[in-house]
Each structure stands twice: as C-alpha cells, then as structure tokens.
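Computed from the coordinates by the stated procedures, all read-outs in this text should not be read as laboratory data. Here the structure is a predicted model, which is why all the values come from computation and not from measurement. All Cβ positions, even for glycine, are placed from backbone atoms using ideal geometry, and neighbour counts span all protein chains on display.
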Amino acid sequence: MLLVLLSLTAGLGACSSGSSDDTAAPTDAQIRAALAVHSRGVLQHDRADFRAAVDDGPKAVEFREDQIAQFDNLVTVPLASWSYTLGPRVTDASAQAAARKTFGPSARIVRLELHYALRGIDTAPVQHDLWWTFVRSDGRARAVAADGLADAGGVSWSGPWDFGPMTTVTGRSSVVFGRADQTPALKALAATVDAAVPAVTHVWGDGWTRRVAVIVAPSPTALTAALGGSDAEPAATGIAALAVSAGSDPLTGKPREQRLVVDPTPYGKLSAVGRRITVTHELTHLASAAATTEAQPRWLVEGFAEYVANLDTGQTVGTAASELRAQVRAGRIPAALPGDDAVDAAGTAASSYEQAWLACRLIAARAGQPGLVRFYRVVGASPDSSDTAVSSGVRTVLHESVATFTAQWRTYLRDQLG
C-alpha cells in the first residue's frame with residue numbers, strides 16, 4: 001500500500017496561508033503543503049501534482065529539468081512510500097543572501113529529509129538530506145534549486161534516478177536500477193541475483209529480506225553517490241560490486257537501506273562464474289549484516305562470504321586459490337591467519353581472501369555448515385575484542401585453542417595446495 005507520510009489535510013488552502021506578499025519568504029506551512037502535493041505526485045505518478053511544487057520561472061530551468069527527469073525515472077520504481085519533512089533551520093546567512101540575490105527577495109534555503117522505501121525490500125523508510133531553495137509565487141511555495149548550500153557542505157543526496165534515463169528490471173528476488181539502454185544486461189544481472197539469493201539462504205537461513213535492490217551505476221559520479229560518498233570523493237575503482245548498508249535500525253537491529261552496487265565496467269569483464277561468485281559473495285554480506293560487528297576480524301567476514309560464494313561452482317581449490325597456491329608451492333605458508341590490514345591492502349588482498357576462505361572451509365569441514373554459521377554468529381555477538389571473540393568462538397564450536405586451529409589450518413593449506 002502506498003503511503004504519503006506528510007499530511008495532506010492542509011490542502012491548497014495552506015499554500016496561501018499567511019502573507020500573500022511574494023517578496024516574503026515562504027513559511028514552513030507553505031513549504032510543507034507544497035511538498036505534500038509533490039510527494040503525492042511521485043506516488044500516484046501524477047505529473048501535475050509533482051510539478052505543482054516546482055517553479056516555472058527561467059531561473060529554475062535546470063532544477064525543473066532535473067525534477068522532470070527524476071519523475072520519469074521514478075514511474076518505474078516500486079515505491080512503498082515517499083515523503084519529506086522539514087529539518088533544522090538553515091542559519092548560513094551568506095548562503096541565504098546568495099539565494100536571494102539569484103532568485104529574488106523571497107528565496108529561502110531549507111533542509112529537507114527525504115524518506116522513501118522500496119516495496120518488498122526496505123523494512124522501514126530510509127532517510128536522506130536535501131537542501132532545496134524555495135521562493136514564494138502567487139502566495140505558494142515553489143522550489144527553484146537543490147544546491148543552495150553546496151558550498152557550505154550541504155550537498156543534496158542523489159538517488160539512482162538522478163543520473164540520466166533509467167529503467168527498472170524486476171526479478172523474482174531482485175529490483176535492478178540501471179540505464180534505460182542496457183535492459184538486456186540488467187535482466188541478466190537480475191537473473192544472477194535471483195539465482196544467488198537461494199544459495200545464500202541455504203547456508204545462512206531465511207532470517208534476512210531475501211529481496212535485493214541493485215544499483216548499476218552509469219558513471220563514476222553515480223557510483224560515488226551509490227556508495228554513500230559525495231561528488232568530491234572518488235568512487236571505488238576496479239571493484240565489480242559492493243554491498244552497502246546505511247547502518248541498523250536502533251529499535252529492531254535490522255540493517256537499513258541495503259543495496260548491491262554494481263560498476264558495470266569491471267563487472268562486464270568477469271566470466272559467468274566470476275559474476276556468480278561476485279554477486280553471491282556480496283549478497284552474503286547483506287544477509288549476514290545484522291550479525292556482523294566489529295568483533296569479527298576481516299578474515300572471518302570476507303572468508304565466510306567467499307565460502308558461500310565458492311560453493312557448487314565446479315572450481316577446484318587450486319583454481320579458486322591460485323595466488324595462495326603459488327605461495328604454498330614456493331614454501332611460503334602463512335604463519336597466522338591474515339590480519340585486517342592484509343585483507344584490505346591492494347597488494348595482499350587476493351591471497352588474504354583465499355587464506356580466509358580456506359579457514360572458513362576448514363571450519364565447515366570440521367563442524368559442518370551450521371557450525372560455520374554458528375561460529376560467525378558467536379564471534380559477532382561477543383562484547384569482547386576481536387582476538388578474544390575469535391578465541392571464544394573457536395573454543396565453543398571447535399573445542400580447541402586458536403593456536404591449535406591455526407596449526408591445523410596451515411596443514412590444511414599444505415594438503416589442499418601443496
């Protein structure tokens with residue numbers, strides 16, 4: 001059911017409440033009324049309502065064109081809700097003065113909180129900040145710009161529908177957002193996600209949403225935005241896909257705004273098996289997000305995702321761990337499980353991921369897949385440091401010390417790759 005969270009009871013009468021002097025800044029009530037109609041236009045695919053809050057003047061042409069393009073893109077998006085609330089007052093006097101100089105004496109920059117939810121995916125509306133400039137026209141509030149506070153760090157959030165013509169492909173377990181001219185590739189990606197969801201669920205269980213929103217970024221700027229950065233921050237390069245979450249709900253503990261972000265260039269260079277492994281790995285992160293904490297070392301987080309991703313791929317251990325195999329055959333067997341720095345470092349990440357995968361594979365070989373999942377949860381639930389949490393998990397699940405497990409893991413590497 002579509003929900004408009006802003007009250008529409010004020011109606012159009014509220015738009016003209018207060019002074020009708022168009023040189024005065026629009027009031028909070030006028031802005032709320034305009035945004036309520038704007039939200040209704042989004043949810044009901046009503047262009048007239050959507051346009052009612054957007055100024056028709058020549059100074060707002062760029063903002064207006066961006067909004068019209070956004071409306072066209074949002075028509076295909078399965079929204080459960082879309083609404084705005086007014087945030088704290090903007091007190092930057094210089095920015096407000098600049099807005100009045102550009103748009104006239106009634107111009108006012110406001111901070112908005114956009115709340116939206118994707119149907120069947122977001123368990124609660126997610127929130128993002130916008131800094132819009134409004135003017136008063138015919139006694140009503142109308143928006144003219146979205147960048148009035150950009151120079152002071154108030155950069156309005158951009159969604160996947162803000163970067164050119166977009167389409168939405170809906171799969172059995174997926175909703176994929178991408179360029180309108182790449183529909184076949186988006187359908188293929190949706191099929192890969194649809195196949196990966198039950199594979200992840202088979203190991204982790206059904207205690208996760210099991211529906212995935214996928215953003216295929218059409219440009220580096222869109223990629224940066226999808227990963228949660230600003231235009232000034234470089235996006236991750238060379239990474240085919242990344243799982244992102246916007247924290248957890250403080251009441252339920254459930255992850256918020258989970259998305260699979262895909263960079264189409266490196267993703268397109270992967271083989272079919274590589275795409276399957278990449279997607280399954282990242283979906284494992286989404287599934288286990290609620291149980292993932294700072295207590296878990298990086299080798300466990302990444303190794304567990306690699307374990308799930310490599311199941312039933314038909315690859316041999318030597319093929320899947322080719323870099324580590326070369327090291328082992330050269331007599332360079334790791335002395336300890338990889339540290340967080342090694343897992344994240346560009347020069348050692350590949351070998352560290354393979355080491356982590358085989359550590360988790362060994363745990364599953366000894367305790368079964370349920371035992372590996374239990375180990376992951378036990379470590380993540382610990383209030384202690386990472387080292388102490390792992391030690392407790394090893395004792396609980398494998399009934400031995402970390403030193404003993406490490407020695408067994410080193411032997412396992414030799415047996416599998418030597």
Which value, in debye to the nearest 20, gives the size of the charge dipole of the range 293-418 about its Cα centre, when Lys and Arg are +1 and Asp and Glu are -1 at the Cβ? 460 debye
Bounding extents of the chain in its principal axis frame from Cα atoms, largest first in Å, are 82, 45, 38
Helix-only CD estimate at 222 nm, as mean residue ellipticity for the chain, using -39500 (n - 2.57) per DSSP H run (n ≥ 4): -14500 deg cm²/dmol
Going by amide H atoms built from the backbone, whose H comes under 5 Å of the H on W132, apart from near neighbours? V110, L112
Tell me the net charge near R361. Cut-off is 11 Å between Cβ atoms, R361 excluded, with +1 for each Lys or Arg and -1 for each Asp or Glu. -1
Return the sequence-ordered ³J(HN,Hα) values of the range 155-166 in whole Hz as given by the Karplus equation 6.51 cos²θ - 1.76 cosθ + 1.60 applied to θ = phi - 60°, using x for Gly and Pro. 8, 5, 5, 10, x, x, 7, 9, 10, x, x, 10
Build a GNM of the chain with springs between Cα atoms under 10 Å: which of E302, E282, E62 gets the top mean-square fluctuation? E62
Could you state the principal axis extents of the C-alpha atoms in the range 11-157, from the largest down, to the nearest angstrom? 44, 34, 25
Report, ordered by chain and residue number, the aspartates and glutamates lying within cross-link reach of K187, taken as a straight Cα distance under 17 Å and ignoring same-chain residues fewer than 8 apart. D263
For K254, which sequence-distant residues (separation of 5 or more, or a different chain) have an amide H within less than 5 Å of its own amide H, given hydrogens modelled in the peptide plane? D249
Among residues other than E323 whose Cβ falls under 12 Å from its Cβ, what is the net charge (Lys/Arg +1, Asp/Glu -1)? +2
Once the Cα gyration tensor of the range 321-418 is diagonalised, semi-axes √(5λ) in Å: 23, 15, 11
Scalar couplings 3J(HN,Hα) for the range 80-91 by Karplus 6.51 cos²θ - 1.76 cosθ + 1.60 (θ = phi - 60°), nearest whole Hz, x for Gly and Pro, are 8, 7, 7, 7, 10, 10, 7, x, x, 4, 7, 10
Highest-fluctuation residue, A321, A222, A346 considered, GNM on the chain with Cα pairs under 10 Å: A346
Apply the Kirkwood formula to the range 165-291: the hydrodynamic radius equals the inverse of the mean of 1/r over all pairs of different alpha-carbon atoms; give it in Å with one decimal. 14.8 Å
Once amide hydrogens are built 1.01 Å from N within the peptide plane, the residues lying 5 or more places from M166 or on another chain with amide H under 5 Å from its amide H are A180
Net charge (Lys, Arg +1; Asp, Glu -1) of residues whose beta-carbon lies under 12 Å from that of S391, S391 excluded, is -2
What's the exposure ranking of I363, I277, going from fewest to most Cβ atoms within 10 Å? I277, I363
Using the Karplus curve 6.51 cos²θ - 1.76 cosθ + 1.60 with θ = phi - 60°, work out ³J(HN,Hα) for each residue of the range 345-354 in order, rounded to whole Hz, and write x for Gly and Pro. 6, 4, x, 10, 4, 4, 5, 5, 4, 5
Is there a quick way to get the dipole size of the chain? I mean about its Cα centre, with the Cβ of Lys and Arg at +1 and of Asp and Glu at -1; what is the value in debye to the nearest 20? 880 debye
Using a Gaussian network model of the chain with C-alpha springs under 10 Å, which one of T102, T183, T27 is most mobile by mean-square fluctuation? T102
